[in-house]
1. Quick one: would you say residue B:5 is in contact with a helix residue (DSSP H, G or I) (Cβ under 9 Å, 6 or more places away or on another chain), surrounded by fewer than 18 Cβ atoms within 10 Å (Cβ to Cβ) and away from chain A (no Cβ under 12 Å)?
2. Does residue H:18 qualify as being more than 20 Å from residue H:140 (Cβ to Cβ) and over 11 Å from the mean Cα position of the chain (by Cα)?
3. If you check residue A:109 against the conditions, is it at pLDDT 95 or above, more than 7 Å from chain B (Cβ to nearest Cβ) and in contact with a strand residue (DSSP E or B) (Cβ under 9 Å, 6 or more places away or on another chain)?
4. Does residue A:27 satisfy the criteria of being within 21 Å of the chain's Cα centre (by Cα) and assigned to a helix (DSSP H, G or I)?
5. For segment D:19-35, what are the residues that are more than 12 Å from every other protein chain (Cβ to nearest Cβ) and closer than 15 Å to residue D:90 by Cβ?
6. What do you reckon, is residue C:38 modelled with pLDDT of 95 or more, surrounded by 16 or more Cβ atoms within 10 Å (Cβ to Cβ), over 13 Å from the mean Cα position of the chain (by Cα) and more than 14 Å from chain D (Cβ to nearest Cβ)?
7. Return yes when residue A:30 is surrounded by fewer than 22 Cβ atoms within 10 Å (Cβ to Cβ), in contact (Cβ under 8 Å) with a residue 60 or more places away in the chain and farther than 30 Å from residue A:126 by Cβ and no when it is not.
8. I'm told residue C:149 meets every condition in (1) within 14 Å of chain D (Cβ to nearest Cβ); (2) part of a helix (DSSP H, G or I); (3) touching a residue at least 24 places away in the same chain (Cβ under 8 Å) except one. Can you identify the failing condition by its number?
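The values are calculated or read from the model by the stated rules, or taken from the named source; none is laboratory data. Since we're looking at a predicted model, the values are computed, not measured. A quick note on method: Cβ atoms are made from the backbone with ideal geometry, for glycine too, and the neighbour counts reach across all protein chains shown.
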């Protein structure tokens, strides 16, 4: 067998902890053939990209709108390319963008892996119903990728 | 012109206020040719449909899982048929299922209309970036449907 | 709300017990707005449709081939139209056609409900991984359809 | 002509004989430009990947469920990429996952090649009806690939 | 033969002459089984639907944006349903929305018929390259529909 | 079971014998729930529809081009709607339009039934490779439709 | 993170100013990993490619038709591959091909960025309704690409 | 601009003249970045691949069937990958496989270029109606590819 495939993994969701780095470190340690993709994780840059590139509006709705759409250029291109979409929900904030990404990925038939604590289980039951794995720790994501990519 | 088309509208999201009834009353008053669809809005029935039909698990994760998947049978069939998906976010709860529905609808190219208060604008900017209208009141949804369906 | 939708349900798999009739009786008792579809369930007719319509081959492989393809005209048209595909596995026979239908339905994004005894759980784990509900009795299928169709 | 295309071949089904190795050896001897892909073929690893990565459930149904879904991450990504899906049915076991893969591949329009003994012909007639070749020996698969890839 | 099909025709483009009425009169005289669809053709209503339903912005860009998106709810639903998209270009105005509709329809594989004077031939060559007929008069559109729908 | 489905059958190909009428008579006698569709079968009308609707060109290539494209409006709409595409090849003429229709239908996943004499078997082997049945007589098509539609 | 992705950007529209060069210079200065694609921007070559390759017609409609179709070979292949489609509208000419490209890209779910002066805002409101960013200067396009590609 | 794209060109149809070599020589002389693909052009190998790999049937229909299906593995994979499908019709033989390929390519939205003499114009009008260029000489195909690939 000659599995030369590079797996494309999109890491969606929470931007306030280092879970992406933990997964990146884990897949590097495991020597996995992956390309990790992510949204812009600099909160200020992400919120302000619309006014940075396109100017002020004097109206937070449309300023947010412009930023969200520019971020969508990145997000959708990456989800469309991804083999696996990992969606992380943290304990704080609404994180509707993460759930939106999960729905978008589900409709495209992408494999979804969720990452969240047990106290969010009930609130995330619809997202988990569309997922192929529900994890609690970044290391579990790494173990799943390692199994999926290198076994055989 | 002979617009005999029946518009199919899926009303996703919040189940704790009467916004669906307000829209239903409004489209009836306006005499619009629509079929309104909705998820099961009885909270207990929705939470328990898995154990009601398939039995207890002694484990809330899998009980939720079974319920969420049965609800998905309904939800996805309706979103797939819909011309317009209205997504309502209320002031309480996580409502990740609503954002998931919005993402799912967006990937299918459905027209999305959101319905929420201004204090959720920033948190919903990614969902609004994929919507064709952002409304504050059920009556605005009715007015949009009336314009879209009956003008011309 | 005015849910006038007729749900289209394809009943795939085992043809040696009366599970389809049990579901048909159940949905009729419940007054559900469904159209039930099924493959040809007359075993001899199904096996011989190729030679009946197109003549003998003197070779069982190609006679089977002709029958299987004629049956596929029916099967695929019905799966393509279906909102829900119920797949029944009985205790006997290989039933690879049922698993094939399930895979076909899964790739089209159809909602799948399986119906089989617990002793087949391990062998059917891949099919159940793609299903939105795993049932043991026809009555459970009816209850799920009743919930999905009439609640709300 | 400059056929630099690397053909992607997914080898689905039976894991108890060395048919994949025979095909791998054959395509190597023939110098074919192929990438062979396969599910995880270590039976224990495949059965236990769910509990290995995600923990015990104390319930074989959900333990199987978790494993089957993790395996699906691999399986579907590979079928989606494949030009040709070879599906092997051996004399033992139910092998519903193989028939499920065949149905999934058929709905995506993939070219399917089956590999099985003649005594399974009747039971596999629906799968063969969707296949572009029905073979008996791994060497026949190699010969077909050699013809398809290198002629011209 | 029993052609009971109702042909769905979307009439896109110019709103300042009575070409839609001429086609409607023509298909009625010919007794054709068609459903004619059109964008909102009341210029003021179309321009103002955004502020009418959703309020003023004090900024013409976003006011236009809101109107254009509400109109898109109608336009896209109708193009998606259409068998044939007729696109009319008049002598005045930019009419980029008409060319946008034509591109949208082309990507969906819809049959396109253009309707414009010869002096626009060169400027519309890319649109005509994607069309199945280029007409000069509404009556030619009627004749094409009559031939397509009633012959045979 | 309540199979209320109306089967949509497109009858492509030869226009010089009465095979369509034989099928129409047969399905009527059998009381099948079908809608039969066909291209325009009046040879002169079909050849001249371009110049009839759109005027002379003084150049047979472009006159043919205009007619062929108008016919395509009908043909493609009907193939897209069809459950089954029957393709008839007669003994005379090139009939490349029939083979083109078959290829078009195959790419859309439609069920194809061919109808032709044995002396065309070798020349039509690629078309038959994509068909679900190869028939010799219109009555065989009727028998297949009767089996597919009414059994069960 | 290891974002090795090469972003594919199609630059559609106006060919009379150096906006493409400004973007090309900008992305080079920024060291972005992009592949820029464009239609043939030599106006004469583009207008005459039909007669150059396929001969004169003595009829400008069909000469234009042949050129437009040859250009479509290039245009559509590039839009299909593109992650982002930038559409430039200048102050002169009808530019319906640019709006057509935008509609085509929108139906395929591509991310669209428009580039035009404010005096075209009202006429382009439907195109901007489908865009993820509306820019005024090539440098803004570069800044968006830089943000989308390199952040994170 | 940095057009590094390798254009994928599938050369379908006639196998009795050297038109593919003329195109191959032409694109090499022009230094075009293309990958040329073709069916197996050795007539005997193509006709016999079924029995060579899978054995005799004692029945020409099924022997042809097996060969045609093995050839389809190659043909469809190549058409699916192609940017442009060139379809050549020669003066002899039925060549229904070429027309089938054209229909298959058309339904997938591929750019089609035909290559045939003028005396086949009328018989090929439906195929040309789906093509983006109709050529008479291999050199015209080369010139079109050169224009499409290298201009700009």
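1. Values: in contact with a helix residue (DSSP H, G or I) (Cβ under 9 Å, 6 or more places away or on another chain): yes; surrounded by fewer than 18 Cβ atoms within 10 Å (Cβ to Cβ): yes; away from chain A (no Cβ under 12 Å): yes.
In short, yes.
2. On the way: more than 20 Å from residue H:140 (Cβ to Cβ): no; over 11 Å from the mean Cα position of the chain (by Cα): yes.
No: the conditions fail for residue H:18.
3. On the way: at pLDDT 95 or above: yes; more than 7 Å from chain B (Cβ to nearest Cβ): yes; in contact with a strand residue (DSSP E or B) (Cβ under 9 Å, 6 or more places away or on another chain): no.
Answer is no for this residue.
4. On the way: within 21 Å of the chain's Cα centre (by Cα): yes; assigned to a helix (DSSP H, G or I): yes.
So residue A:27 passes the test.
5. If we filter segment D:19-35 for residues that are more than 12 Å from every other protein chain (Cβ to nearest Cβ), which is where we start, we get D:19, D:22, D:26, D:29-31.
Result: D:19, D:22.
6. Numbers: modelled with pLDDT of 95 or more: yes; surrounded by 16 or more Cβ atoms within 10 Å (Cβ to Cβ): yes; over 13 Å from the mean Cα position of the chain (by Cα): no; more than 14 Å from chain D (Cβ to nearest Cβ): yes.
Criteria not met by residue C:38.
7. Values: surrounded by fewer than 22 Cβ atoms within 10 Å (Cβ to Cβ): yes; in contact (Cβ under 8 Å) with a residue 60 or more places away in the chain: yes; farther than 30 Å from residue A:126 by Cβ: yes.
Answer is yes for this residue.
8. Result: residue C:149 passes all but (1).
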